[in-house]
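Report on the structure given below.
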Amino acid sequence: MILQLKDNQIKISVRHLVEFIFRSGDLTTGGRGKSALDAMQAGSRIHKKIQRSMGVDYKEEVSLKKTFYHRDYEVLLEGRTDGIFPKKDVTVIDEIKGTYQNLALMEQAIWVHQAQAMCYGYIYGLEHHLEQIGIQMTYCHLESEEIKRFYEQYSMAELEAWMDDLMTSFFVWSDYVYGAKKKRNISIREQKFPFRYRKGQKKLTASVYQSLKNKEILFVQAPTGIGKTISTIYPTIKRMEEADADKMFYLTAKTITRTAAEETFQILRKQGLQFSTVTLTAKEKICFQKETDCDAEKCPYAKGHYDRVNQALYELVTNETVFTRTVIEEYAKRYQVCPYELSLDVCDFADGIICDYNYVFDPKVQLKRFFGEGKLLDFYYLVDEAHNLVDRARTMYSAVLCKEDFLEVRRSMPEYAKRLRNALNRCNKEMLDLKKNWGSKAVIAETDKLVYALLRLVTEADLFLEEEENPEVRNRLLELYFQVQHYLNMYDLMDEGYEIYVLASEKRYYCKLFCINPANQLKNCFAYGKATILFSATLLPVNYYKNLLTGNPDEKAVYVPSPFDDKKRVVLIAEDVTSKYTRRNQMEYEKIFWYLEALLNGREGNYLIFFPSYEMLEAVADCLYEHGIDIKADILIQKQEMHEEEREIFLQEFTRKRKKSLIALCVLGGIFSEGIDLTKDALIGTMVVGTGLPGVSFEQNLLKDYFDQKIGSGFDYAYRYPGMNKVLQAAGRVIRTKEDEGVILLLDERLLGYEYQGLFPMEWQDRKRTSLMRIASDINKFWKGREQI
């Protein structure tokens, strides 16, 4: 239920009101009809066609509103009826709904639709002092354009009594919203920054506040340990109170950074902040069932979900303030409702939403309640670890289809689904034509014929899914159906930041809409917010991120230097070793071993060692065991596939007491190279092997060619900048707090070149060259200097 409270007025649409108050029944599996966007677009066309056919006395799209006065605030109920027309001596409210349902099976109007029209009838009748009013529901099939109507007539006395009951039900919720926001704003006014400002932190906090006030996008490059989380959240809540804003989205790429946000809000709550937050968990993770299938016949939480969810939601929001996964699961079990859907409903009432990037940016899982119908509420976006958004956005806005999928799904469809099977055949044929015309690898200009075939497939799939009850058959079709829908949606969105390519790989043939520059798509998402703060410890060079995240190199940016004593760490760059493919041999692996041994000999402790690939990691691991390094150090090796529990066990090894050193061999750019906090003695050194360059591939070369053509920096944008980001993230594991000290050892001679020197953070001006001949003395000199302090 989307409602906005400003200046003691709660504003809500008629549709949102009735859909929330009157929802009932089972939670159903998605995919029984077309996407919401398709239905909306087709419905708009049908609306206009029907309205034009209704004659000159038919008033189209009539806006209506009514203010209800309740306690210390008022409620503005507003909406727009599709049509109003005279029928003999009665005025009729006409509500038009496009649908993919079989109209022959409809015996009466859907109640929430009827209720919406009755609200319009009540408001219009009150304004025009009517005694009777007609309510007509017009349903039109979006494919066949068949029309079916339902008509009822009400006295104004009947509508007034019904409306009183409806608003009484609503006031239970609006009283909570009004009271909670009032308490929130009072508590925010009393908030003080909870810590002594570190060097540069006050500047950061002020910069964030000013950009929020000016409704800007701000890029923040700030080192780990300065307190980016509190320095962005604190000014945002302050600005929320001043601007009477509705919500804050704290957006993250990884679970661990969500925890940091939760902990920060808890610190402020200890100072009296009354600010509710919900942390969203992926559907697959929070689902109580072994398989995520919202089939009411299989899932007891889906059965009757909407009959119970409002009670569960009210109890949850009125008794809790921190809506974590554990809390949501507890209430979902108590009231037997879907925990995922309950968490989404909580978003309507929470002040802060802590979630993955997907919920704001990804068109497939975006929170449509906030972003599907224009700008309804005032949001602020805080985008944590924003360097991750480039690759994530490319994935979100790209789409791929596989020729063989059409054949495989066709074979699994029943014989009676002839039209559907023919449509699948047509798609396969168009993919085959692409293969014949373009071969195994090519960039192509368009796929219009394929798109036409896909549109026909979607039409046939909708008709089939409307009737088919066999869940196994439905599920086999649905996976491809959603891929096709996403391809069509992205085809509509495509701009000059895209390339289309075909590629044969492992006996399969693919056609991909590859989003190279996602700036335009992201910019549309940012437009829903009042202001956006994008922050990270590694946003260098900042113009690279500006060009790819907003497309505007003139966006504001602030660089915050490290607040920590640079004498507590040493940055060493090796001049005689590399991870170049042409030099990946036993000699280089032996060099890496000698550097690692020098690191261990400098001081006993815990070390993270990062490699550009699993292949090199394993080769060096063999070398370590051959030299007997496991005698003086315990060795941990990151596996290619690690579950959440395995990751936690891996990290716990750094805090366990041991009698010798620990070295953990990890992959650069993997789960342990960013977003983890190993403070004080938990980590005293990091060694990074290589420049982090992505592997050479068809896609990476497409990136290179695109940016060569656009700005003449193809290699930088495709390889060097993304690679250097991984290096800096991994190196940043060492110094997290003012108590931390340690060695940062970078093993690749290429990092000494001028192309890389400009990419290091300003606080690394004291970085030093080293070599196998000097490394032991360089490390010993650093640690001796630390002992003398």
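Please report the spacing between the Cα centers of region 382-419 and region 494-559 in Å, no decimals.
19 Å
Whole-Hz Karplus ³J(HN,Hα) for region 134-141, in order, using 6.51 cos²θ - 1.76 cosθ + 1.60 and θ = phi - 60°, x for Gly and Pro?
Calculated HN-Hα couplings, in order: x, 10, 10, 9, 10, 9, 10, 6 Hz.
Just going by the charge dipole of region 293-349, with Lys and Arg at +1 and Asp and Glu at -1 on Cβ, which of Phe349, Leu313, Ala332 is farthest out on the positive end?
So the residue we want is Ala332.
So which aspartates and glutamates pass the test for Lys238, namely a Cα distance under 15 Å, with those fewer than 8 places away in the same chain ruled out?
Output for Lys238: Glu190, Asp246, Asp351, Asp378.
With just the Cα atoms defining each centre, how far is region 204-236 from region 677-747? Give it in Å.
Centre-to-centre (Cα) distance: 24 Å.
At 1.4 Å probe size, with every protein chain present, just tell me what the per residue accessible area of the chain comes to in Å².
I get 44 Å² per residue for this part.
Could you calculate the contour length gain from Gln652 to Asn214, that is, 0.36 nm times the residue separation minus the distance between their Cα atoms, to one decimal place in nm?
153.3 nm
Given R₀ = 41 Å, FRET efficiency for Glu145-Ile256 by Cβ-Cβ distance, to 0.05?
Efficiency, rounded to the nearest 0.05: 0.20.
Assuming 0.36 nm per residue, please report the length gained on full extension of the stretch Ser44 to Gln266 beyond their Cα-Cα distance.
Gain in length upon complete extension: 75.3 nm.
In the structure shown, do any of Lys283/Lys303; Lys97/Lys523; Lys66/Lys375; Lys202/Lys254; Lys181/Lys546 have a Cα-Cα gap over 24 Å, and if so which?
Result: Lys97/Lys523; Lys202/Lys254; Lys181/Lys546 exceed 24 Å.
What per residue convex hull volume, in Å³, comes out for the chain when only alpha-carbon positions are used?
Hull volume normalised by residue count: 184 Å³.
How much mean residue ellipticity at 222 nm does the chain get from its helices, if each DSSP H run of length 4 or more adds -39500 (n - 2.57) and you divide by all residues, to the nearest 500 deg cm²/dmol?
Mean residue ellipticity at 222 nm (helix-derived): -14000 deg cm²/dmol.
Under 12 Å from a point placed 7 Å out from the Cα of Tyr314 along the Cα-to-Cβ direction: which residues of region 262-281 have their backbone N that close?
none
Treat each spin label as a single point 7 Å out from the Cα along the C-beta direction, and report the Glu615 to Asp175 distance in nm.
Placing both labels 7 Å along Cα→Cβ, they lie 6.8 nm apart.
Out of the trypsin sites (Lys or Arg not before Pro) in region 365-446, which ones are loop residues according to DSSP with at most 14 other C-beta atoms within 10 Å?
Passing both the DSSP loop test and the Cβ count: Lys375.
Using the crude model of +1 on Lys and Arg Cβ and -1 on Asp and Glu Cβ, and no other charge, please compute the dipole size for region 384-535 relative to its Cα centre, in debye to 20.
520 debye
Write down the percent of antiparallel bridges among all DSSP beta bridges whose residues are both part of the chain, to the nearest 5.
40 percent
For Lys429 and His627, calculate 0.36 nm times their separation in residues minus their Cα-Cα distance, and state this gained length in nm to one decimal.
Once the chain is fully extended between Lys429 and His627, it gains 65.4 nm.
Using DSSP loop states and a limit of at most 13 other Cβ atoms within 10 Å to flag chymotrypsin sites (Phe, Trp or Tyr not before Pro), what is the longest stretch of the chain containing no flagged site?
Looking at the chain, 417-789 is the longest stretch - no exposed chymotrypsin sites (Phe, Trp or Tyr not before Pro) with at most 13 other Cβ atoms within 10 Å.
Select from Tyr178, His128, Ala157 the residue farthest towards the positive end of the dipole of region 116-182; place +1 on Cβ of Lys and Arg, -1 on Cβ of Asp and Glu, and compute about the Cα centre.
The listed residue farthest towards the positive side: Tyr178.
Which percent of the accessible area of region 407-503 is formed by carbon and sulfur heavy atoms (probe 1.4 angstrom)?
Accessible surface attributable to carbon and sulfur in region 407-503 totals 50 percent.
Inverting the mean 1/r over all pairs of different Cα atoms, compute the Kirkwood radius of region 273-411 and quote it in Å.
Averaging 1/r across every pair of different Cα atoms and inverting gives 17.1 Å.
Counting other C-beta atoms within 10 Å, and keeping those with at most 16, which DSSP coil trypsin sites (Lys or Arg not before Pro) do you find in region 443-543?
Taking region 443-543 and a limit of 16 other Cβ atoms within 10 Å, the loop trypsin sites (Lys or Arg not before Pro) found are Lys507.
The values are calculated or read from the model by the stated rules, or taken from the named source; none is laboratory data. No experiment lies behind these values; they were computed from the predicted model shown. As a convention, Cβ positions derive from the backbone with ideal geometry for all residues, glycine included, and neighbour counts pool all protein chains shown. Just the protein is used for accessible areas: all its heavy atoms, side chains included, with ligands, DNA and RNA removed. Shrake-Rupley method; radii C 1.70, N 1.55, O 1.52, S 1.80 Å.
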